[in-house]
Amino acid sequence: MSKVLVVTSGKGGVGKTTSSAALGAALAQAGQNVVLVDFDVGLRNLDLVMGAERRVVFDLVNVVQGDAKLPQALIRDKRLETLHLLPASQTRDKDALTAEGVERVIYELRERFDWIVCDSPAGIEKGATLAMRHADAAVVVANPEVSSVRDSDRIIGMLDSKTRLAEQGETMEKHLLVTRYDPARASRGEMMKVEDVLEILAIPLLAVVAESRDVLTASNVGCPVTLHNPHSAVSRAYDAAARRLMGQSPPLEDVLPKRGGLFSRLFGRRTAA
Amino acid sequence: MNLFGLFNRNRSAPAARERLQLLLAHERALADRTDLAAVLQQEILAVIARHIPIDRDKVMVKLERGAHVSTLAIDIEMPEESAAAG
């Protein structure tokens, strides 16, 4: 059974591409056959985060328009043989994608892979709606920050109205992934807590990824963070998220963020009182 | 400022949560109808214009969103003669 997963957020810069790469790699490490599809036509970056930027020959637009066959455009990861990338075009714009063409490519991908992870572009326009269109499940990436949460709410509304599942009267499976979370700042009341974001968006929590320098380091060298530094807190959170997507129940401590150090715990408790 | 106050001054998260809850309650209610104020303004003006001439430049529209009640205020300046005639 193949599953199409869209990683979406509305707002840009919250960690969609990082999360797509990390989740895709974690699923592949768990033995799943995975393809990452970059829907950000014109501003592709998943190739760079995956370290495959010099291996791109054909892209999603070429396949959608029939200029290349799917196997010609798929790039196999050099580290994990069950991980693949279908890059976006860098020179075209989002209008080069057609609903019918995308549907055909997704259908073809379903026959080859267990997981089709669609990295959505920011915004609510054509690229984003096409990325979510054929999804079976969605990972909504949000930062604990007002504009990100507002945009996520908008995207959740679109997942429930503008997708194939919604039009068939079915409910899209939605998961909240909170990223760039700072437990110490949250405990001091400087940042919304995970509970606040959960209460507002009212979709189930997948995992919380704490703010970490490991994310930048991994993208600097073009490697999903789950492969680059598998024992970091960030990677444990993404691994737990991937296992939850696969229907497993990883330990709760991997899903929830650690409290800050002794200092922030001391003062966090005092200010929260 | 004492030590306690020093650590307290950045407690802005509750404000973020409350602002979002208020805003999203409105945005969800207006889903796909975010132009409600514009539609209302147009239809109300059309009704009034049937009876008195309106200078569109002298119409002020104000939408105020409160916690429990929202108000749409449309301020129309009536021409001298129609006000006198009315």
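Values as computed for the structure displayed
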| read-out | value |
| --- | --- |
| Computed Kirkwood radius, in angstrom, where 1/r is averaged over Cα pairs of the protein assembly as shown | 22.6 Å |
| Per-peptide average of other Cβ atoms within 10 Å, ordering A:106-113, A:205-212 highest first | A:205-212, A:106-113 |
| Residue-level accessible surface for A:Ser147, protein heavy atoms, 1.4 Å, Å² | 40 Å² |
| Relative contact order of chain A, defined on C-alpha pairs under 8 angstrom at six or more residues apart (%) | 24 percent |
| Accessible-area composition of chain A, carbon plus sulfur, in percent [1.4 Å probe] | 49 percent |
| Sparsely packed trypsin sites (Lys or Arg not before Pro) within the range A:177-251, loop by DSSP, other Cβ within 10 Å at most 13 | none |
| Neighbouring partner chain Cβ atoms per residue of B:10-18, average, 10 Å criterion | 6 |
| Heavy atoms of A:Lys11: accessible area, 1.4 Å probe, square angstrom to 10 | 60 Å² |
| Those residues of the range A:181-211 for which accessible area with every protein chain present is at least 20 Å² below the isolated value (1.4 Å probe) | A:Arg188, A:Gly189, A:Glu190, A:Met192, A:Asp196, A:Glu199, A:Ile200 |
| Long-range HN-HN contacts of A:Val37 with modeled amide H, under 5 Å | A:Leu86, A:Val117, A:Cys118, A:Asp119 |
| Surface/4 estimate of mean projected area, convex hull on alpha-carbon atoms of the range B:40-82, nm² | 3.3 nm² |
| Euclidean distance between Cα centres, the range A:139-154 to the range A:1-19, Å | 12 Å |
| Per-residue HN-Hα couplings for the range A:141-150 [Karplus 6.51, -1.76, 1.60; θ = phi - 60°; Hz; x = Gly/Pro] | 8, 9, 8, x, 8, 4, 5, 5, 5, 4 |
| Total accessible area lost when B and A pair, probe 1.4 Å, Å² to nearest 100 | 1700 Å² |
| Loop-located GluC sites (Glu not before Pro) in the range A:1-101 whose Cβ has at most 14 other Cβ within 10 Å (DSSP) | A:Glu81 |
| Candidate lysines for bridging to A:Lys162, where Cα separation is under 23 Å - those fewer than 8 sequence places away on the same chain excluded | A:Lys3, A:Lys11, A:Lys16, A:Lys94, A:Lys126, A:Lys174 |
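The values are calculated or read from the model by the stated rules, or taken from the named source; none is laboratory data. Given the structure is predicted, the values throughout are model-derived calculations rather than measurements. Here Cβ is always computed from backbone atoms with ideal geometry, including for glycine, and neighbour counts include all displayed protein chains. The accessibility values were calculated without ligands, DNA or RNA, using every heavy atom of the protein model including side chains. Shrake-Rupley method; radii C 1.70, N 1.55, O 1.52, S 1.80 Å.
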